[in-house]
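Everything on this sheet refers to the single structure shown next.
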Amino acid sequence: MADKIKTMYVCSECGHESAKWFGKCPGCGEWNTMSEEIREMPKRGSAKAVIEQRTRPSAVPVPITEITTEDEERYYTGSKELDRVLGGGIVKGSLVLLGGDPGIGKSTILLQICSHLGKILKILYISGEESKRQIKLRASRLGVNCENLFVMTETDVEIVANQIQTEKPDLVMIDSIQTMNFKELSSSPGSVTQVRECTNILMRTSKSLDIPCVIVGHVNKDGAIAGPKVLEHIVDAVLYFEGDKQMSYRILRAVKNRYGSTNEIGVFQMGDSGLSEVENPSLMLLSGRPKNVSGTCVACPMEGSRPILAEIQGLVTNSGYGNARRMSTGFDYNRMSMLLAVLEKRCGYYFSSLDAYINVIGGLRLDEPATDLAVALALVSSLKDIVVPEDVLAFGEVGLTGEIRAVNHAALRATEAARLGFSKCILPYHNVKSIVLPEDTNIEIIGVRTIRDAVAALARQ
Ligand code: TYD
Ligand code: MG
């Protein structure tokens with residue numbers, strides 16, 4: 001007889017357990033903390049059998065010297081950008097979570113992977129969102145037509161797991177985890193418990209058969225995949241698709257990767273025939289840059305192991321209302337406030353009665369301190385109407401005393417700037433001594449110690 005599954009409601013704050021759901025936890029009084037969890041009943045049988053099963057050694061310790069480390073087997077997806085984000089292709093037996101806003105291009109990229117891998121592997125594509133006809137229409141649009149791609153529309157996770165076991169494909173794609181349903185649970189599909197249990201079932205199935213599995217997860221309003229942390233630690237790699245839906249390009253970012261480095265990004269462009277790779281993102285991000293105007297400065301953040309040039313625009317205007325407005329898109333709001341305070345206190349630029357706006361072009365999100373200097377210069381440039389020449393680039397971390405602190409990968413950043421035709425680079429003085437540029441790099445390095453120095457260097461240009 002099959003084991004009966006029993007569920008309990010457990011408070012995530014205090015761990016209080018109850019057989020029924022409460023809006024307010026009877027244990028600690030917190031609201032909305034009770035979530036459904038599975039408690040499996042022990043197998044029926046004699047007490048002896050139960051004890052034997054519980055005391056059986058489940059895993060045997062092995063000396064570390066005896067563990068072999070052959071290279072993991074990887075499947076190359078046919079897209080250089082995606083392979084880089086994955087750390088060199090999909091690892092056999094791994095579980096990859098692909099997250100992103102609805103409509104960003106997750107299903108599209110899955111089908112495009114199929115078009116390449118379908119030539120050599122048997123792929124099972126399970127969709128709980130679209131009908132077979134819709135998938136076929138999209139596939140024809142993308143030019144995907146391979147006999148080894150099997151499509152199934154199903155939302156019952158147990159049926160999906162059974163199919164994986166019988167079909168034994170080489171790669172499984174689940175689109176999306178929020179539509180999967182484990183019918184033993186009373187909560188609706190997409191709830192944290194459903195998402196977690198369905199992922200667990202899929203993980204057990206794919207790991208036991210050593211089949212890699214790509215799972216699509218939608219991002220909720222707060223920007224987290226439903227059941228965010230629970231899912232992230234179950235899977236081997238978490239990739240997020242980012243980008244403005246209004247714009248054509250998309251950034252794929254690895255936030256966790258057990259088989260490669262995180263922070264790597266891949267840049268894609270959405271066109272009529274699906275997603276195409278952008279091999280030179282800096283060039284794309286700088287296209288259409290205004291010439292000879294104040295309030296714009298180019299920064300060079302590192303995205304993983306790659307330097308990328310990004311344009312930062314600042315606008316400082318008289319405040320129409322009593323209290324000044326500050327707005328920042330693509331850059332941390334608090335960091336912007338800090339930079340405004342440093343500029344006021346250390347350099348005597350007064351922003352208190354002025355509105356200040358920062359915008360990073362291209363929907364890019366910059367969270368690296370090395371972009372501070374470019375943000376500060378964009379603000380000063382707008383305030384004082386000083387033009388940052390179009391061939392000048394700046395990077396460096398700004399400290400609270402107005403000092404410019406050294407950043408890592410200075411040489412890589414300066415080389416990328418030179419490659420894109422910049423002729424002057426304002427960077428931290430402490431980086432200047434150690435910077436070694438490739439021989440044919442033609443760029444003037446201007447080392448600055450303080451933010452005042454940086455503004456003075458601009459005025460000289
Ligand atoms: P989709 O992959 O369905 O998004 P997700 O699965 O993340 O929800 O992407 C749908 C969007 O992509 C939709 O707005 C149409 C656009 N698109 C193109 O512009 N070109 C194409 O070739 C395809 C297939 C989609
Ligand atoms: Mg989709």
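The values are calculated or read from the model by the stated rules, or taken from the named source; none is laboratory data. This is a predicted model, so every value here is computed, not measured. Note that we place each Cβ from the backbone using ideal geometry, even for glycine, and neighbour counts take in every protein chain shown. The accessibility values were calculated without ligands, DNA or RNA, using every heavy atom of the protein model including side chains. Shrake-Rupley method; radii C 1.70, N 1.55, O 1.52, S 1.80 Å.
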Once phi for every residue in the stretch 251-257 is put through the Karplus expression 6.51 cos²θ - 1.76 cosθ + 1.60 (θ = phi - 60°), the whole-Hz ³J(HN,Hα) values, with Gly and Pro written as x, are 10, 9, 10, 8, 9, 8, 7
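As a test of understanding, state the convex hull volume per residue of the stretch 61-205 from its alpha carbons, in Å³. Write down the numbers at each step before the final one.
Values: hull volume 21.7 nm³, N = 145.
Dividing the Cα hull volume of the stretch 61-205 by its residue count gives 150 Å³.
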Can you work out the Karplus-derived ³J(HN,Hα) for every residue in the stretch 441-450? Use 6.51 cos²θ - 1.76 cosθ + 1.60 with θ = phi - 60°, whole Hz, and x for glycine or proline.
7, 10, 8, 8, 9, 10, x, 10, 9, 9
Leaving out ligands, DNA and RNA, and with a 1.4 Å probe, what % of the accessible surface on the stretch 203-347 is carbon or sulfur?
48
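Ranked highest first by average number of other Cβ atoms within 10 Å, how do 367-378, 93-104 line up? Walk me through the numbers on the way to the answer.
Details: 367-378: 24.6, 93-104: 20.5.
Going by the mean number of other Cβ atoms within 10 Å, highest first, we get 367-378, 93-104.
Based solely on its DSSP helices, what 222 nm [θ] is calculated for the chain when runs of n ≥ 4 H residues each add -39,500 (n - 2.57) and the sum is averaged over all residues, nearest 500 deg cm²/dmol? Walk me through the numbers on the way to the answer.
Values: 13 runs with 132 residues, N = 461.
Estimated from H runs of four or more residues: -8500 deg cm²/dmol.
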Solvent-accessible area per residue for the chain at a 1.4 Å probe radius, Å²?
50
For every other residue with a beta carbon closer than 13 angstrom to the beta carbon of Arg335, add +1 if it is Lys or Arg and -1 if Asp or Glu, then tell me the sum.
-3
Just for the Cα atoms in the chain, what are the lengths along the principal axes, largest first, rounded to whole Å?
87, 57, 53
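Working from the alpha-carbon coordinates of the stretch 284-460, get Rg over Rh, Rh being the Kirkwood radius.
Numbers: Rg = 15.1 Å, Rh = 16.0 Å.
In the stretch 284-460, Rg relative to Rh is 0.95.
Placing +1 at every Lys and Arg Cβ and -1 at every Asp and Glu Cβ, with all other atoms neutral, what dipole size does the chain have around its Cα centre, in debye to the nearest 20?
On the way: 52 positive and 55 negative charges, 126 e Å.
That gives the chain a dipole magnitude of about 600 debye.
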Looking at the chain, which Cys residues are left with no other cysteine's beta carbon under 4.7 Å from theirs?
Cys114, Cys146, Cys198, Cys213, Cys297, Cys300, Cys347, Cys425
Quick check: the angle from helix 372-384's long axis to the longest principal axis of the chain, C-alpha only, nearest 10 degrees?
40
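For the chain, what proportion of DSSP beta bridges, expressed in % and rounded to the nearest 5, is antiparallel? Can you show the working numbers first?
Numbers: 44 of 83 bridges.
Percentage antiparallel, nearest 5: 55.
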Local electrostatic count, Gly118, Cβ distance below 13 Å [Lys/Arg +1, Asp/Glu -1]:
0
Tell me, what HN-Hα J-couplings in whole Hz come from the Karplus equation 6.51 cos²θ - 1.76 cosθ + 1.60 at θ = phi - 60° for each residue of the stretch 109-118, using x for Gly and Pro?
5, 4, 5, 5, 4, 4, 4, 8, 6, x
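Quick one: net charge around Asn181, please, counting Lys, Arg +1 and Asp, Glu -1 for every other residue with C-beta under 11 Å from its C-beta.
On the way: positive: Lys183; negative: Glu154, Asp156, Glu158, Glu184, Glu197.
Combined, the nearby Lys, Arg, Asp and Glu give -4.
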